[in-house]
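Read through the structure below, which is laid out as structure tokens, and then see the notes.
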Amino acid sequence: MQQLLDYLAVIAFAIVYFTTKDIFLATGVLMAGVTLQVIAYKVLKKPIGKELKMTFWLSIVMGGLTLLLRDEAFIQWKPSIVSWALASALIGAHWFTKTFLLKKLLGQALKLPDEKWQVLTYGWALAFTFSGLLNLWVVNNFSMDAWVTFKIFGQTGINFIYIIVMVVYLVASGALSEANLTAPEEESDPVLNPDMHKEESEDETSPLTPSEETPR
């Protein structure tokens with residue numbers, strides 16, 4: 001359900017564009033789609049992540065400029081701005097607050113040393129920067145049809161390649177071991193385990209119990 005919500009606005013944008021060949025109508029549909037997406041999250045009481053908030057506001061602002069000025073360049077720049085904003089957030093959080101955003105996102109499932117999180121942070125920042133540049137290259141060298149196709153399928157495929165590269169790196173560096181993928185088991189608490197406490201107490205000799213060495 002959530003995955004459908006995440007892609008519904010973009011899918012509607014592509015369908016309307018390829019059906020009508022009207023980028024302005026498709027932009028309006030995109031703006032309406034991301035608005036409905038945020039409303040759906042509110043109704044379903046799902047948390048709205050920072051990426052969705054950024055996508056929403058950029059879609060509204062850049063889409064609004066596209067419709068107001070009748071210039072499709074604004075909506076075509078949006079993917080690049082989103083990619084560069086994500087790259088800046090990763091690097092900025094690391095440089096200025098010593099925080100790894102990827103660790104906050106994936107840390108519950110993947111236990112890695114900070115050196116590995118740093119490599120992943122720089123790697124994804126570089127990937128997002130490249131995606132932004134690639135989007136502008138497509139915008140400036142190909143038709144609108146080619147750009148919309150790239151936006152729907154090309155960027156999704158590229159992101160999938162980035163994930164494969166990340167997994168290959170983690171496997172090659174030994175970071176995807178079973179110990180790193182499984183959270184450590186909590187130590188047993190004698191207070192919460194009365195049977196264990198009882199067994200231990202039976203093995204120990206109480207100072208109040210007379211022994212063979214104690215005179216009676």
Item to check | Lone qualifier among 135, 141, 159 - being within 16 Å of the chain's Cα centre (by Cα) and not aliphatic (A, V, I, L, M) | outcome: 159
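Table: residues versus (1) closer than 26 Å to residue 17 by Cβ; (2) among the acidic types (Asp, Glu); (3) touching a residue at least 24 places away in the same chain (Cβ under 8 Å).
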site: 112; (1), (2), (3): no, no, yes
site: 115; (1), (2), (3): no, yes, no
site: 128; (1), (2), (3): yes, no, yes
site: 135; (1), (2), (3): yes, no, yes
site: 140; (1), (2), (3): yes, no, no
site: 143; (1), (2), (3): yes, no, no
site: 150; (1), (2), (3): yes, no, no
Item to check | Residue that is assigned by TED's automatic domain parsing to the domain that holds residue 140 and in contact (Cβ under 8 Å) with a residue 12 or more places away in the chain, where the choices are 58, 90, 67 | outcome: 90
Checklist entry - Conditions: (1) touching a His at 6+ places or on another chain (Cβ under 8 Å); (2) surrounded by fewer than 13 Cβ atoms within 10 Å (Cβ to Cβ). Residue 100 meets all but one. Number of the miss? => result (2)
Item to check | Single condition residue 168 does not satisfy, out of (1) more than 23 Å from residue 7 (Cβ to Cβ); (2) modelled with pLDDT under 90; (3) in a helix (DSSP H, G or I) | outcome: (2)
Next on the checklist: It is to be established whether one or more residues within the range 144-153 are at pLDDT 90 or above, farther than 30 Å from residue 25 by Cα and either under 29 Å from the mean Cα position of the chain (by Cα) or not charged (D, E, K, R) (or both).
Outcome noted: no
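Rundown of residues vs (1) aliphatic (A, V, I, L, M); (2) in a loop (DSSP other than H, G, I, E, B); (3) exposed (fewer than 12 other Cβ atoms within 10 Å of the Cβ), yes/no style:
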| site | (1), (2), (3) |
| --- | --- |
| 33 | no, no, no |
| 42 | no, no, yes |
| 45 | no, yes, yes |
| 60 | yes, no, no |
| 74 | no, no, no |
| 96 | no, no, yes |
| 104 | no, no, yes |
| 117 | no, no, no |
Checklist entry - Among the candidates 136, 86, which residue alone is closer than 19 Å to residue 54 by Cβ, of a type in the set (A, V, I, L, M, F, W, C), assigned to a helix (DSSP H, G or I) and modelled with pLDDT of 95 or more? => result 136
Checklist entry - Just to be sure, is residue 85 in the same structural domain as residue 173 (by TED's automatic domain parsing) and under 25 Å from residue 30 (Cβ atoms)? => result yes
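The values are calculated or read from the model by the stated rules, or taken from the named source; none is laboratory data. Computed from a predicted model, the values in this text were never measured in an experiment. With ideal geometry, Cβ positions are generated from the backbone for all residues, glycine too; neighbour counts draw on all protein chains shown.
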